[in-house]
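One structure below.
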Amino acid sequence: MRHARLIAMVVLSACSSARSSESPAPAPATAATPNAPAAQGPAVVPKDSVTLERERYVAEVRQQIAGKETLPASQVFKNVKTMGDVPAGRLLAVMNVGYGKSLGVSCTHCHVAGRWDSDEKTQKQTARDMSAMAARINNELLKNIPNLKGPNAIVNCTTCHRGQVKPALNLP
Ligand code: HEC
Ligand code: HEC
């Protein structure tokens, strides 16, 4: 389905753009000058508990789907309505970074842990609806605004949420 593929593109771009900033190269340790400021690379920030919890859940599910990471999510998972064409392993990366990190939440904001296919938390369907909204903004609205600088102007979850459940209306 064309619409589903466009939504998948949005979530994948959300994921890859977020991932590129995920693992900063550690600054090289210099034995001769242990207290010298790092010559290059950003400081390594310790991971917060929400990030660690997401990584634990991802590792759990990865173990359950071992060997099937490259199969389409529709063949590996039970209840995927929009991300069926996305490889199962990528779906987990989207969950972790594209969704969890973007909103600053753990998996349990949208899921009951372990019952990943269940839709019992309303936030899960809201996330599907948000995904459809972002796809409409990108494919129907942004595309028709002339003279934009970017060759491929898009919004994704991070554009609005920026690590928070409720997007800001004002700058601090
Ligand atoms: C912002 C909400 C949100 C967050 C946070 C989130 N998910 Fe999801 N998750 C979804 C949605 C929506 C789907 C269904 C996608 C679809 O219908 O194509 C889904 C589907 C899944 C599935 C497929 C289950 C099945 O059998 O159908 C797994 C596994 C999963 N998520 C794991 C995780 C893990 C692990 C995390 C944390 C790293 C996480 N999710 C974080 C919204 C979320
Ligand atoms: C154009 C801006 C925008 C984009 C893009 C966007 N959101 Fe949202 N999102 C909002 C707003 C506004 C709310 C409502 C916040 C409130 O409760 O006032 C919201 C609420 C949500 C909620 C409900 C949170 C809660 O627990 O109450 C979820 C889940 C969510 N967004 C997920 C996503 C996901 C996943 C994406 C990317 C696929 C996304 N959003 C993209 C603006 C956006």
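The values are calculated or read from the model by the stated rules, or taken from the named source; none is laboratory data. All of these numbers come straight from a predicted model, not from anything done at the bench. So basically every Cβ, Gly included, is an ideal-geometry build from the backbone, and we count neighbours across all protein chains shown.
Miscellaneous remarks
- Sole exception among (1) surrounded by 14 or more Cβ atoms within 10 Å (Cβ to Cβ); (2) within 12 Å of ligand 2 (Cβ to nearest atom); (3) outside any loop (DSSP other than H, G, I, E, B) for ASN139, by number: (2)
- Test result for VAL112, in contact with a Lys or Arg (Cβ under 9 Å, 6 or more places away or on another chain), aliphatic (A, V, I, L, M), within 10 Å of ligand 2 (Cβ to nearest atom) and closer than 15 Å to TYR57 by Cα: no
- Residue match in region 45-52 (condition: modelled with pLDDT under 95, loosely packed, with under 14 Cβ neighbours inside 10 Å and not β-branched (Val, Ile, Thr)): yes
- Restricted to region 148-163, and to residues there that are under 14 Å from GLY100 (Cβ atoms) and within 9 Å of ligand 2 (Cβ to nearest atom), the residue that is surrounded by the most Cβ atoms within 10 Å (Cβ to Cβ) is CYS157.
- Condition met for ARG128 (within 16 Å of ligand 2 (Cβ to nearest atom) and surrounded by 13 or more Cβ atoms within 10 Å (Cβ to Cβ)): yes
- Where LEU92 falls short, out of the listed (1) touching a helix residue (DSSP H, G or I) at 6+ places or on another chain (Cβ under 7 Å); (2) closer than 22 Å to VAL105 by Cβ; (3) surrounded by fewer than 17 Cβ atoms within 10 Å (Cβ to Cβ): (3)
- Lone unmet requirement of (1) within 16 Å of ligand 2 (Cβ to nearest atom); (2) under 26 Å from CYS160 (Cα atoms); (3) in contact with a helix residue (DSSP H, G or I) (Cβ under 9 Å, 6 or more places away or on another chain) for ALA73: (2)
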